[in-house]
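S.K.: Below are the structure tokens for one structure; questions will follow.
The values are calculated or read from the model by the stated rules, or taken from the named source; none is laboratory data. All of these numbers come straight from a predicted model, not from anything done at the bench. Positions of Cβ are generated from backbone atoms using ideal geometry, with glycine treated the same way; all protein chains shown enter the neighbour counts. Note: areas computed on protein heavy atoms with side chains; ligands, DNA, RNA excluded. Shrake-Rupley method; radii C 1.70, N 1.55, O 1.52, S 1.80 Å.
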Amino acid sequence: MAFLEVENVRRSFGGLVALDRVSFTVCRGQIKGLIGPNGAGKTTLFNMVSGLLAPEVGQIRFKDRTITGLKPFQIARLGISRTFQNPSLFLRMTVLENVMVGRHLRSRASFLSSSLRLPGQVREEQHIRAEAWRHLEPLGLAALADRPAGSLAFGQRRMVELARALATEPELLLLDEPASGLNTREKADLNQVIRRIRASGVTLLLVEHDMALVMDLADDIVVLHNGTPIAHGPPATIQNDPNVIQVYLGGEPDGIPPAGELNLKWTRPR
Amino acid sequence: MRFLQCNTPFATFAVLAVVTQLVLRAAGMEYCLTQLTMALYYALVVLGLCLVTGHAGQVSLGHAAFFAIGGYTSAFLTTHDFGPLPEPAWATGLKQARVLIEHSDLYGGTALSVSPWAAVVVALLLTFVVAHLIGYPALRLKGHYLAMATLGFGLIVSKIVVGTAQLGASDGITGVPEWPLGFGLTVSGRRTLRVENYYIACGLLLLTLVLLRNLIRSRVGRALQAIHDRETAANAMGINTAAYKLGAFVLSALLAALAGVFFTHYTGSISPSEAGALKSVRYLALAAAGGMASLWGVTAMSVILNYLSLRGFFGSYDNAVFGAILILIISLAPEGPLKPLGQWLRHGLNRNHHPRDETTGAPPGASDGAPRIH
Ligand SMILES: Nc1ncnc2c1ncn2[C@@H]1O[C@H](COP(=O)(O)OP(=O)(O)OP(=O)(O)O)[C@@H](O)[C@H]1O
Ligand SMILES: [Mg+2]
């Protein structure tokens, strides 16, 4: 039984077909890499899995339950969390408060119990705070807890976003280019963090342009090109797949060294 | 009590309220308490906007209409003569439960009207339903649909109020009875009860402030702020954004209606000007002047400016003044004038006390960590 199943999904924007005939599955406990050049449709796919966009055709199933058509907050409650390609923090809140929002779906205080500060609500609030700290500390964010999110550097924002997503205690975590904009050290830390997340039992779907990182982490990779998968398999296979090499190097098949040595890097305009 | 935690600002408010009253008494100006009491009730409306606009980021241009729904429902039910009733069991039951009460009408006869407490319940229920009808479709969408929906709604309510004979048309409803709250307190415009009513209004405002402060610093408050800051991310974090926006909107509408009810029983009347779109704009201007999200800023600004307006301080430019405030705030100090002013003052003080502030190494904006709700 597959954990996440994407089945024959299609989505277009006006005349532009962003995704077409996309099918793949993710098994529980896996790190699945999702790569492809700019505009391949990776973020669009994330948006469909997390409910921000609806597919025109096809279905997405999570733990054998169809989630197409559900609202993002309903999908989040089922155990899917995500980060965004452009960190989307709540900028006027502190770092700690941002992560506390991650505990929203694990808590239940209402308008009434919150305004009256009923005993149950006060206890729950303390628990939310403690849990938020528990997710801040391993990512090295404790010192930033009281800083407004709007004052953070880019790399820090990525980390806070990750902490916020983890605070929801997801079963499936979607990371959209978590390493972009990070320096070498931060990338190395991120590698460790992602390993720890996987070790804690979370399944990951990872969109990433940093080939070294994906190849190192992913158990299995899907390559998207112009909205359709062109290759699927373990990193070693992907690195030597002629189609993939072709796509990444711009269609000059002559005299190409093995992709493993090339490290499949390409520059991306921002 | 947990419910009252961290109460320095609340104590300050209480002290200020008492000092004001004592000073006015000493100065022989206790008549000023009447307008002050009215200003305190208006502040409730603006505090509702503080929640829905300042925190949840949803603009409402129809809060005067909710104030009017509260006031008019209460005024109509407590002044209209529903008698003589047939005598089936339910009618006697209503009388026995004191939902319907007999009182003498203008001409010395007896009239049968709804009791103030029952009228309040009806007014709030009606507001609850209407706010859902307006808010539900508008708040399921992202964007400023609420502003448009509430603007249209406000215009409709104000037309209905002016055009309905039973609601007194352009004269409004007068002769609204006093409202015995219990505990020996009565909402009434009687001169002998002026001080008592000032404290009733202060107490209601204080209670509202405590409840809203608690709400804002909770899971619910964070959800609203998250929606304001980034709705998509809030939804992806499991927040039912439509439901939370609606909850905040309905709560603020109920506050406006409650203010309308108290105001009407206090002044003994309500007129169509209370329902006008200009009033809605005024409430929004006051919220903006108080910094939108700051409970204390909003309270201070709306009490002071409404008081001045009620004392006729702005003369015939009354509405223009509030329009100008809105324009000035939005173009010059979108976060309200109080925050920059406070920062400027703090900066001045810091310069005097620690000539080398930079040594703290705090990055710009880090000192901004002070809670938004003061
Ligand atoms: N909301 C939208 N409206 C219109 N077009 C869109 C929208 N979202 C994505 N697209 C288009 O769909 C295509 C796929 O975009 P998507 O963002 O999914 O690519 P991506 O693989 O994530 O690229 P990148 O590596 O640059 O992040 C692009 O051509 C993009 O311009
Ligand atoms: Mg993308």
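S.K.: Could you list, ordered by first residue, the pairs with Cβ atoms under 9 Å in which the first is in segment A:172-200 and farther than 17 Å from A:Q30 by Cβ and within 14 Å of chain B (Cβ to nearest Cβ) and the second is within 16 Å of ligand 2 (Cβ to nearest atom) and basic (K, R), at least 6 apart or interchain?
M.R.: Pairs that qualify, where the first residue is farther than 17 Å from A:Q30 by Cβ and within 14 Å of chain B (Cβ to nearest Cβ) and the partner is within 16 Å of ligand 2 (Cβ to nearest atom) and basic (K, R), are A:D176/A:K42; A:D176/A:R82.
S.K.: May I ask you to say which residue of B:A223, B:A201 is open to solvent by less than 30 Å² (accessible area, probe 1.4 Å) and at the interface with chain A (Cβ under 7 Å from one of its Cβ atoms)?
M.R.: B:A223
S.K.: Hey, could you check segment A:33-43 for residues that are more than 14 Å from chain B (Cβ to nearest Cβ) and buried (at least 18 other Cβ atoms within 10 Å of the Cβ) and say which is nearest to ligand 2 (Cβ to nearest atom)?
M.R.: Residue satisfying both the conditions and the ranking: A:K42.
S.K.: While we're looking at this one, here's another question. Please list, ordered by first then second residue, the pairs with beta carbon atoms under 6 Å, 6 or more apart or interchain, first in segment A:44-68 and within 13 Å of chain B (Cβ to nearest Cβ) and open to solvent by less than 30 Å² (accessible area, probe 1.4 Å), second within 15 Å of ligand 1 (Cβ to nearest atom) and of a type in the set (D, E).
M.R.: These pairs meet every condition: A:F46/A:D176.
S.K.: Out of all the residues in segment A:106-128, is one or more of a type in the set (V, I, T), in contact (Cβ under 8 Å) with a residue 60 or more places away in the chain and under 28 Å from B:L246 (Cβ atoms)?
M.R.: Scanning segment A:106-128, I find no residue that is of a type in the set (V, I, T), in contact (Cβ under 8 Å) with a residue 60 or more places away in the chain and under 28 Å from B:L246 (Cβ atoms), so the answer is no.
S.K.: In addition: Considering only residues of segment A:78-91 that are more than 22 Å from A:F62 (Cα to Cα), touching an Asp or Glu at 6+ places or on another chain (Cβ under 8 Å) and more than 7 Å from chain B (Cβ to nearest Cβ), which is nearest to ligand 2 (Cβ to nearest atom)?
M.R.: For segment A:78-91, the residue satisfying everything is A:Q85.
S.K.: Against the condition more than 30 Å from A:S151 (Cα to Cα), of a type outside the set (V, I, T) and within 16 Å of ligand 1 (Cβ to nearest atom), how does A:S88 come out, does it pass?
M.R.: No; evaluated as a whole, the condition is false for this residue.
S.K.: Would you say A:T94 is away from ligand 2 (no atom under 16 Å from the Cβ) and in contact (Cβ under 8 Å) with a residue 24 or more places away in the chain?
M.R.: In short, yes.
S.K.: Between a first residue in segment B:11-31 that is without any contact (Cβ under 8 Å) to a residue 24 or more places away in the chain and a second residue that is open to solvent by less than 60 Å² (accessible area, probe 1.4 Å), which pairs have beta carbons less than 7 Å apart while being 6 or more apart in sequence or on different chains?
M.R.: Between residues of segment B:11-31 that are without any contact (Cβ under 8 Å) to a residue 24 or more places away in the chain and residues that are open to solvent by less than 60 Å² (accessible area, probe 1.4 Å), the close pairs are B:L24/B:E30; B:L24/B:C32; B:L24/B:L33.
S.K.: Give, as residue ranges, the strands (runs of 3 or more DSSP E) completely inside segment A:172-259 that count at least 3 residues that are touching a Leu at 6+ places or on another chain (Cβ under 6 Å) and either at pLDDT 95 or above or of a type in the set (V, I, T) (or both).
M.R.: Details: elements: A:172-176, A:203-207, A:220-225, A:228-233.
Hits in segment A:172-259: A:172-176, A:203-207.
S.K.: Within segment A:9-32, which residues are of a type outside the set (A, V, I, L, M) and either in contact with a Lys or Arg (Cβ under 6 Å, 6 or more places away or on another chain) or within 14 Å of ligand 2 (Cβ to nearest atom) (or both)?
M.R.: A:R11, A:F13, A:D20, listed by residue number.
S.K.: Here is a follow-up. If you scan segment A:92-103, which residues turn out to be facing chain B (nearest Cβ under 7 Å) and open to solvent by less than 10 Å² (accessible area, probe 1.4 Å)?
M.R.: Initially, segment A:92-103 is screened for residues facing chain B (nearest Cβ under 7 Å), giving A:92-94, A:97, A:100-102.
Across segment A:92-103, the qualifying residues are A:M93, A:M100, A:V101, A:G102.
S.K.: List every residue pair whose Cβ atoms sit under 8 Å apart, with the two residues 6 or more apart in sequence or on different chains, where the first one lies in segment A:133-156 and is free of Cβ contacts under 8 Å to residues at least 12 places away in the same chain and the second, anywhere, is surrounded by 20 or more Cβ atoms within 10 Å (Cβ to Cβ).
M.R.: Partner pairs satisfying both residue conditions: A:A142/A:L136.
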